[in-house]
Structures are given as C-alpha cells and as structure tokens.
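Structure first, commentary second.
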C-alpha cells in the first residue's frame, strides 16, 4: 500500500455497478496539497467516513484530481463494485467535470457522482482546524446521503447556432469579430455609437512604439465593414436576450440616423452646411465642437453621418432643412424610424469597454474650475491631428503654447475613496504625453507627478527611460492640490501644483501653466444593467466577472456569454486585443463542435399533481413553460429549460421536480449535513 | 486592518503607536505617496513630513520620531485625513505621538517645545474650572513659558479686553466636583492600563 | 424646531457676537436652542494631545448631559445637538463616532462617567453644526422670505475653515474640499460671493500661540487670497477662524508690510443685518477690524460690475470649450 493513501475498506464487492443495486459509495477526501490538509484533518475525515452507512471504501489522497488519484477511483469502481462516488475536495466549478469523466471511464453513470466542497467552503474560510474538520464531515455525510438517492441521467445535446453577436466595436470587439469572420463564421457587430473604433479612435499615438493609432486601427475598421461575414450594426443597442448557449434570440434596436444609407455617399456636404454648432461631449470629450448632423471623425465607419434630433433645428422648430437642400443624392430622411431587428445567435461576446473617471469628482485638482486643467482624454484629442486644435498643444485660449506642463498620475485610481485599483494604462499614457509635449512644444518643460511608475509591459520600461532622457521631470509624490491662489509674486497668474516631493521629503509648490489629469478607467455607468440583460456577474466596481481570473479570463459563469477587453477590468490596447482574439477562439471552438453536451438537469411537471395555477408560467426566465388550456396543466419544454429551479421552488402543489435536484435528494443531503445535530456540544461551541 | 498577525510583524514602536490610538488608524496601509505632506499647511515648518514619520515609525525609530517637531506643528485641520487614499487617521496618530513624546520626556526638548506647555496650561484651566479661561491661559502660558514674548501679544490681549472679548475671571461650571471625579476616574483607568 | 445647544467656551465671551447674533436670528426663524445645562469645555485641540481617556471622558460628559436633557424634555424624538463652533462640533461628533467604533473605549469612558453618575450611549445624539441646521433644516427659502435689507453691493469671501466639513466623522452636509452652502446662503442674503479658493484652508488654529510665524503666514495667505478677489469682508462660521483672522490681522500687516483691512464677521451677523436687525443687536463692534466702512457699502452704490474672473479665458473663435459643470443655482 502506498504511504500516500490509506485504505479503509469495509465489506466486499458484490453485484455490478449501477443504480438499482444496494448503494456502495466510495468517499475520496483530497488534501489539495496544503490547501485542505493544513486546516482539515483529512485522514480523520476519511477514517470517519469509512464507518458511515452505505460507504464501502473511504480514502484520503494528496491530489485527487491527478491521474493517479483518478485511477484510484476507477480501480475501486471496477474492483470493489462501487455504484456511487463522493469526492470531498474543491468547488465543483473546478473539478466536477473531471470526476464525472473518471466515473464514466469506469462504466459508472457520471450523475452518480457527488462533490463536497471542503476547500472554498471549509479550509479556505477558516483557520480553526477543529471546526473545519467537523464541517468537512458534515459535508461528506450530506454528499453520501444525497448520492445514494441519485439516479443515472443521460446528457442532453443542443445544436450550436454558428452566428455570433459581438457587442461593442472598440478594439477588443473589432478583433474578436474579425477573428471569427476570418474563420468562416458569421458575426453581428453591434455598436452603440455612430461609428466603430471605440476609445482607440480618439487617440493620436500609442505607447510605447508611438505608432499612429488611426494608422493601425482604421485598416481593421475597414476590414470589418467590408467583410462578407460581418454584419455591422452601428447606432444600435441590444434590447433583450433570451435563450441559452447555442440558441440565443437577441433583439436589437437600430436607431434612426435620418440618413438613407442606400443613397448616402458620405460626401459630408450636409455636415459642412449644417448651421448648428454644439460642444461634442462624446467623441471630443467636450474639447471640440460638432454639427447637428455629424460624423465622429473623418475615417468613421460607416461613413454615413447621423442627425442628432435633440439639437437639429428642423426637429426642434420645424425649419431649416439645410442638409436636405444641399444633399446631392436626396439621402436625408427626416421620417426615418428606429428599426427593431431580431437575431438568432449561438454565442455572445461582450466588449463594452470602460468609461473615464470623472475628474470633477476631485475638486482640489480644479478640473472645471481652472480653465487650463485638462483630462487625459481631452489631451489625447488635443494632440490628435484630426482633433479640435489639429494637433497643436495649446492652453484653453486655443492660441498660447504652454511653457510648463504638469501631468498628475493616479487621478481616481489607487484611492479608497474612488477606485482602489490601479488603472494600469495611465502611467504609460502619461509618459507618452510627456514625450508628445516635448515633440510639439520643444521649449516646454514637463513634470510628471507619480506614486509609482507602472511600466510592466513589453518595451514599457525602455520607453520610460527614453522619456527620462528627453528631459522630463519625474517627481515622486501624489499631488495634494492644484490652485490658482498665489502666495507671492512668483506664483501670480500660474497654476500651482502643491506636492510633497517624497524623494526629498519636502513640500514643493511648482508653478505650471497647463495641468493634465490622468483620470483612471472605471466600469461603464450602465454596466450592471448590461450584466443583467445578458445574465452575467459584476464585481463591486462594476467590472464583468470572468469564470476564472487566470485560467478562464474571457468566459463568464453563463455558458455562451463571453467577455473581452476593458469591460472585464482596466486594460491597454495589447491586452484588449489579446482578449478579443481569445474570446473568438473559444467561440470558434464551440461552433466547431456543432452540438454541445448540456447538463440533463431539467424540471418536469407531474400532470396529475399540477393544479393549473400558472404561477410557474411567468416565473420561468427562459419561457420554457407552456400551459395547456384544454387539460389545464402546465408543461416544461425540456429543450428550453435551463434547470434553474425557480419553478420547482415556487410550485404550491409540489408538482414540479428538478432532475438531479429532487426533493428527496435535497432533503437527504440536509439530513446528512445535520447528522450530529443531536450532539449539542458540537453545535453550541462556547464563545472563546 | 491591523490584525494581530499584522501587528506581530511590525516594529515594537509601531505597535506602541497603534495601542495608544483610540481606533485603528490603518497605519500599516501607508503607500508613502506623500498626499499628507503635500496637503499640510505647516508642512514646510516640520522637520519631517508626516509621510516620512510613518516610514520612521515602521522602521522602529522611536526616539527620532518622538523628538520630531512634526506632531507639534500639526494644526488639526484634517486636510491630510480627508485626502489620504488609504484612509489613515493621520491626525489621530499625531495626537498619539504628542502623548508618547510627553510621556517619554522628549516633548520639552523638541524645536516646538512651546506646544506642550500651551496644551498643559489649557488643560489645567479646564480641569480647574470646567471651561477654558482665555485671559488666564494667555497670561499664565506666556509668563511661565515665554516671558519675553509676552509683550508681543499684549496689544491683542488689550484689544480683546477693550472689546469685552475676554473675561477677567474664570466662570467655573456648577458641578465641578462631578467633572473632577470623572476625570480622576479616567486617570485611574489610564494608569491601570499603562502599569 | 427645537435643538439642544452647546455653545462652547468661545461663544461665552471671545465670540459673544456669534452667540448674540445666532440667538437673534434663531428667534426670527422660529428656531429654539435649549442650552445644555452646565456643559464643560470640549477639550479643543489641546486635551487629546496630553491625555487620551481624560479627553474622551471630558467631551463625553457633555454628550451624556445633552442626551439626558433631551430625554427629559422631548421624549422619543431623536435628540439633535447643535454646536456653532467648528472645533466643538468636530470634537463632539468625533467622540460620538469613536465610542461607537471602539467598544473598549466606550467601556472605559462610561466607567469614568459613572464616577459622576453619568452614562452615554454612542449614537444617541445627532450632532450638527449650526450652518447645517440653518441651510438644511430652516432652508434657503425660509431665509429668503425673512430678508428685508438685502446685502446688495457687498462682496463676500465665504470662509469655511477646516473642521466643519472635514473629515466627516458623522454625516457630511457639504463637499469637504469645495463646499458651497455658505456661498449660497450669502447669495440668498443678497450679497455677491467672490471666488475664494482657500475657503477650506487652515487659519492657523492654535499656532498663533505656539509658532507665531507659522500662524501669521497661514493668515496672510487667506487675507491675500480674499484681497486678490476683491472681497469687502470674510464671513466665517468658527470662533477660532474669526479670532485669528481678525485679532492677528494687524500683526500680519506688521510682519509682512501689508495693509489689509478686511473685516471678519460671523455668518449669523450678516443674516441678522439682512433680516433688518441693528448692527448692535448682532454684535457688530466687537471686531478688531472695524466692519462699518464695509457695511456702509450695502445698497450705497449701484452694484459694481463683477470684475472678469481671471481664470476664465476670454471667448474667442480659437478658444476651446470649458468643461461642463453641474449648473450652479443663482438666486
């Protein structure tokens, strides 16, 4: 016998493995290295389990999920005639699949397997060895009692619709759409704005290579527009999502552009002649103007402009029609209505991106009060050749070049009052800004105020050194305030940055004439609504939650719903692109299988017990329950049911039961967990 | 949060500071960002910025910290507390350092030696009358601690008197005995703890 | 409206103008202040510097007395205790908060209070600053209805100082970095409010007694900033701020060779004047820097055109748009 595991066998094998015989349960308690064994007395649990009813064999082992551990189970099933298996280890999210396959390889129906999570729910949750061991026993007992009542089930197979919906046309969504389209699958790319391109389209240069953002982005945008496998739906929003992996029904609203896309040539005459000029709070982030009929930027895709009815003179006062008069192809259509489009989809990739932290939230930095305080996105637009100043770096007066520029890092990031996390991309963007100021205004001095320089990326550190060698001043200290309250003659008319220079240990007041706030990234304000719409989770900050932070970053807990890019957390362009590709690969893999194995966990209604009250009908989130008027009973359509259990719990006459979660199974598990409830000295521990 | 495990890894002086601060000041969370030193109105006059002091506390540099004038230059304006990204109760820590410096006998030797004298004079009045007595405070504090500066404040004192903004005699509270009993009990509890 | 009232030591004599004016204004607004019987000093910024538990016990005696008094007078109502002095307000609300956060501290404090036959349950009082009560409970509308002598032509720098909004040990009624409630109140009174970036910066506190040079520099900055924005006076809500800016203004002038003559009044004094009360009835005349020349401007001349704020650039075709800010109400 191997010293790594102890065999605690009782009785001898009899009969073939199956469901109908007397239950013969094998219990396997995993050490998970130190993860469980350091807190739970695994040998004690296994030894105790060996003495419980129905248990034929109980063992503990260092790593149950290893091939040796799995072989142990297979061997016992075959040699000792086990017909039920319980593994007490980690979360079923990690290894339920592993052990079900183990059972299947040994000829046991995989649904006769049960997992007790003694790691996440036990050893990781406490340092109290005694309590953790006691709880592990209760969990094992519950699992055994439940396993005994389990019935073999056959998996269901569903067809995978090969069409994919990508939500968000920024660099992550664009990448995902192109990858899938190139693999030969059809993609619907839905974008809320009037053009695809996302935040990246606003940028001038990208760090650390300083290549022009437009030059690398627009080819991808053009590809997406022209790709036969991509249906581009801009100025559009997803209204509803029904169904499940492989078979989603999605409703999309295409907002009226008031431009007939069949006729419009994109010549731009309407934009030129429109008499209305308003501040563009969206694409130009308030730094520039746009017309009432407009395109975000010259290379916008699609090329068709949109009319903004809230600011259009015709929509507001019934007059003007300047655009209509000048349009050479009669493409202006004031009567156009929103259009509702229904799509059948197999998989959905969300790439809805981020928002910039609102710098007004921190009044001591003066944004909105002091004219020459800019946000980082305003500065991106300023240095962009197609932006409001045609790339000139100037003060708010639009004329004067700054002589001294202060760049403040970590605005809204790394602060418990706003966002505790690091926004990841701002340090490098700030260094890029220092470089761009030097490039555009060679005589200007630049001061970067930082807590730590986060330059962890390929060629990032080298870029930092390059900016240092260009003469940028780097001052280590988080800025206390920006003020125009001069203390003396040397400060009059300047913006003063007050900071502790922590490397000197002295407070300094540094006069500048321009301040750039590196406002961090935050989840979009409607992230929670979007998460609800698509049925996925958000963390406290509003970022979409991935299935596993390291090993499954683009997949969510909801099958068929994937995420990519900054909607999952702050990211720069390279990581967003990587995630877009990764999500596409996962979807392509799924489509390649054509069909998908589904859990046979489904609800069913016993027609004899059903009172026809119809409570379950409206409760079902998947519209899987139909009501037969003639017989006055409800019925679950197995193909649509997702096994959520809402109807089971709600049914007043207990007519609905869920396969694999039957009432007797669940009650038996509860009974098992409470096995020692008659021993009050265990349940009522004296407070320490 | 400073758990007992966290504290067991800190310097003895760090633990002493935490133990004497009324609620957890989150001192171990300091990022050394300098927001406190940058925000401090009397920062330029301190011999160490608050941030530096926190690094010194972590390093266990008890004597130099307690000899520093920094806590005595704290004006209790709470600007640093408001802005600290880690929610460190900086003003409370400054009060703790003042108390420890007095106890250790370093306070009177710091470059801000006047501050403890001022605080003590103020407290003596409050303990004797229940309320502050400004005329008594100013005269006693200047005569005892800064006789040479008394002339400088005289015009302001006279101005306050002229405008009837100073009482000539203290106005003790009615139940002074009750207050004294409470403060005496507090002193006993404190002494029992530090014993 | 009825509140418990904790005047604090300063309001007895040094800042008696604050007490007189707030009582006069309260009467006009139908607000009743019931003074906590036999209250003691809150400890200011000094007590805690020397002894921890005694400082908490000292402040807690006031809370215990106030809570008892509230219980015996208005029964089940949540007791509200109003402090007009920012330091008192801060100390009382800080002690209340810390007693709640630290059961060990609360036990020690109550053991000490027991020696005087008292007990205080943290959180049983809602401690408020006078300005909070005036602008939020009474409200700007009620105040506007009482204004019969608007302060037209008066240019006011609203000075909040430190402790009214920082660090917010209990509820916060205004922004800690850039509060606006006093600005708005002054506009309701008919005055013109100047931009005052240093509105929450420190007046020096007790540094006038400890390091005169440090204190005078802090006071100078505030006076210079108010003068730069052409304020006729600075309005404050804290006796310490008033004392430092007023009584030490001459010292600043001597030290720095400046010639500031900026009167420092309490906001309640200006409310009283706007309500038609006589200067004497609101304690005008107690200040070092005579407020009368500035007050003579009220309604005297046509309202001077506001000088163009220096920070906003002139509109030009080339000018870039300014960031959108939430609309500021202009009464």
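The values are calculated or read from the model by the stated rules, or taken from the named source; none is laboratory data. Since this is a predicted model, take the numbers as computed values, not measurements. Glycine gets a Cβ as well: all are built from the backbone with ideal geometry, and neighbour counts include every protein chain shown.
Computed values, structure above
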| read-out | value |
| --- | --- |
| Set C:49, C:44: member being modelled with pLDDT under 95, within 14 Å of another protein chain (Cβ to nearest Cβ), farther than 24 Å from residue B:19 by Cβ and in contact with a helix residue (DSSP H, G or I) (Cβ under 8 Å, 6 or more places away or on another chain) | C:44 |
| Residues satisfying the stated conditions in the stretch A:452-482, i.e. at the interface with another protein chain (Cβ under 9 Å from one of its Cβ atoms), touching a helix residue (DSSP H, G or I) at 6+ places or on another chain (Cβ under 9 Å) and either free of Cβ contacts under 8 Å to residues at least 40 places away in the same chain or not in a strand (DSSP E or B) (or both) | A:452, A:477, A:478, A:479, A:480 |
| Verdict on residue B:114 being facing chain C (nearest Cβ under 7 Å), at pLDDT 85 or above and farther than 16 Å from residue C:54 by Cα | no |
| Criterion (more than 8 Å from every other protein chain (Cβ to nearest Cβ), farther than 28 Å from residue B:118 by Cα and surrounded by fewer than 24 Cβ atoms within 10 Å (Cβ to Cβ)) met by exactly one of C:269, C:230 | C:230 |
| Qualifying residue in the stretch C:201-217 (condition: touching a strand residue (DSSP E or B) at 6+ places or on another chain (Cβ under 9 Å), under 26 Å from residue B:107 (Cα atoms) and within 14 Å of chain B (Cβ to nearest Cβ)) | yes |
| Residue that is within 13 Å of chain B (Cβ to nearest Cβ) and free of Cβ contacts under 8 Å to residues at least 24 places away in the same chain, where the choices are C:253, C:259 | C:253 |
| Test: residue in the stretch B:183-194 that is more than 24 Å from the chain's Cα centre (by Cα) and either over 20 Å from residue C:13 (Cα atoms) or at pLDDT 90 or above (or both) | no |
| Unmet criterion (only one of (1) surrounded by fewer than 21 Cβ atoms within 10 Å (Cβ to Cβ); (2) in the same structural domain as residue C:86 (by TED's automatic domain parsing); (3) at pLDDT 95 or above) for residue C:120 | (1) |
| Verdict on residue C:109 being in a helix (DSSP H, G or I), touching a helix residue (DSSP H, G or I) at 6+ places or on another chain (Cβ under 8 Å) and within 14 Å of chain B (Cβ to nearest Cβ) | yes |
| Strands (runs of 3 or more DSSP E) contained entirely in the stretch A:586-638, each with at least 1 residues that are within 24 Å of the chain's Cα centre (by Cα), outside the structural domain of residue A:554 (by TED's automatic domain parsing) and on the phi < 0 side of the Ramachandran plot | A:595-598 |
| Qualifying positions in the stretch B:30-39 - buried (at least 24 other Cβ atoms within 10 Å of the Cβ) and either facing chain A (nearest Cβ under 7 Å) or in contact with a strand residue (DSSP E or B) (Cβ under 7 Å, 6 or more places away or on another chain) (or both) | B:33, B:34, B:35, B:37, B:38, B:39 |
| Failed item, numbered, when residue B:47 is tested on (1) more than 14 Å from chain A (Cβ to nearest Cβ); (2) closer than 30 Å to residue A:480 by Cα; (3) not in a helix (DSSP H, G or I) | (1) |
| Count - residues of the stretch A:483-523 that are surrounded by fewer than 17 Cβ atoms within 10 Å (Cβ to Cβ), part of a loop (DSSP other than H, G, I, E, B) and more than 14 Å from chain B (Cβ to nearest Cβ) | 2 |
| Spans of helices (runs of 4 or more DSSP H) in the stretch A:295-407 with at least 3 residues within 14 Å of chain C (Cβ to nearest Cβ), buried (at least 16 other Cβ atoms within 10 Å of the Cβ) and touching a residue at least 60 places away in the same chain (Cβ under 8 Å) | A:376-383 |
| Test set (1) part of a helix (DSSP H, G or I); (2) facing chain C (nearest Cβ under 9 Å); (3) surrounded by fewer than 22 Cβ atoms within 10 Å (Cβ to Cβ) - residue B:136 fails condition number | (2) |
| Residues (surrounded by 14 or more Cβ atoms within 10 Å (Cβ to Cβ) and at pLDDT 90 or above) located in the stretch A:627-643 | A:627, A:633, A:634, A:635, A:636 |
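Residue-wise test of (1) surrounded by 23 or more Cβ atoms within 10 Å (Cβ to Cβ); (2) more than 10 Å from every other protein chain (Cβ to nearest Cβ); (3) at pLDDT below 95.
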{"position": "C:26", "(1), (2), (3)": "no, yes, no"}
{"position": "C:34", "(1), (2), (3)": "no, yes, yes"}
{"position": "C:58", "(1), (2), (3)": "yes, no, no"}
{"position": "C:61", "(1), (2), (3)": "yes, no, no"}
{"position": "C:72", "(1), (2), (3)": "no, yes, yes"}
{"position": "C:82", "(1), (2), (3)": "yes, yes, no"}
{"position": "C:85", "(1), (2), (3)": "yes, yes, no"}
{"position": "C:92", "(1), (2), (3)": "yes, yes, no"}
{"position": "C:102", "(1), (2), (3)": "no, no, yes"}
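Matching residues to (1) in contact with a helix residue (DSSP H, G or I) (Cβ under 8 Å, 6 or more places away or on another chain); (2) assigned to a loop (DSSP other than H, G, I, E, B); (3) within 14 Å of chain A (Cβ to nearest Cβ); (4) without any contact (Cβ under 8 Å) to a residue 40 or more places away in the chain:
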position: B:10; (1), (2), (3), (4): yes, yes, no, no
position: B:18; (1), (2), (3), (4): yes, no, no, yes
position: B:56; (1), (2), (3), (4): yes, no, yes, yes
position: B:93; (1), (2), (3), (4): yes, no, no, no
